[in-house]
1. For the chain, which fully contained helices (runs of 4 or more DSSP H) count at least 2 residues that are small (Gly, Ala, Ser) and at pLDDT below 70?
2. Taking the stated definitions as given, is Ile54 among the β-branched types (Val, Ile, Thr), surrounded by 12 or more Cβ atoms within 10 Å (Cβ to Cβ) and in contact with a Ser or Thr (Cβ under 9 Å, 6 or more places away or on another chain)?
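The values are calculated or read from the model by the stated rules, or taken from the named source; none is laboratory data. On a predicted model such as this, the values are computed, not experimentally measured, just so you know. Here the Cβ is made from the backbone with ideal geometry for all residues, glycine too, and neighbour counts use every protein chain on show.
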Amino acid sequence: MRNNAKMALVLILLSLQTPVFAAVGVGTMATNIALALCQFQTLVYTVLPSLSLIMFLFAGLAYASGQVFGSEMRAKAQGWAMSLLVGGIIGIFLAVLAPILVKIFTQMSPGTFTFSCP
């Protein structure tokens with residue numbers, strides 16, 4: 001009996017939330033999502049190139065410092081440097097692709113909704 005009461009409470013709470021979601025509307029929700037994507041694009045533009053540059057610098061530092069030590073440590077340092085380099089390249093790649101992806105996602109909404117990031 002206790003499980004039935006919990007289930008009834010959950011169903012009542014879910015039924016109370018449905019009118020709230022219905023009142024928001026597709027246009028308002030699509031605009032909010034588009035604005036969030038534009039803010040994410042701005043974040044990607046400002047943060048990822050700086051992080052990629054730092055990763056490139058650390059890759060060079062790891063490679064150079066690994067040359068001083070023995071062969072086992074040199075191999076580990078070269079692996080770290082390659083990982084940092086790949087991470088930096090992926091960061092630059094994502095920063096270049098960010099506006100294209102945001103444009104694709106903002107145009108996926110139904111209807112005649114058009115939105116462009118400032």
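1. So the answer is 2-24.
2. For Ile54, the condition - among the β-branched types (Val, Ile, Thr), surrounded by 12 or more Cβ atoms within 10 Å (Cβ to Cβ) and in contact with a Ser or Thr (Cβ under 9 Å, 6 or more places away or on another chain) - is not met.
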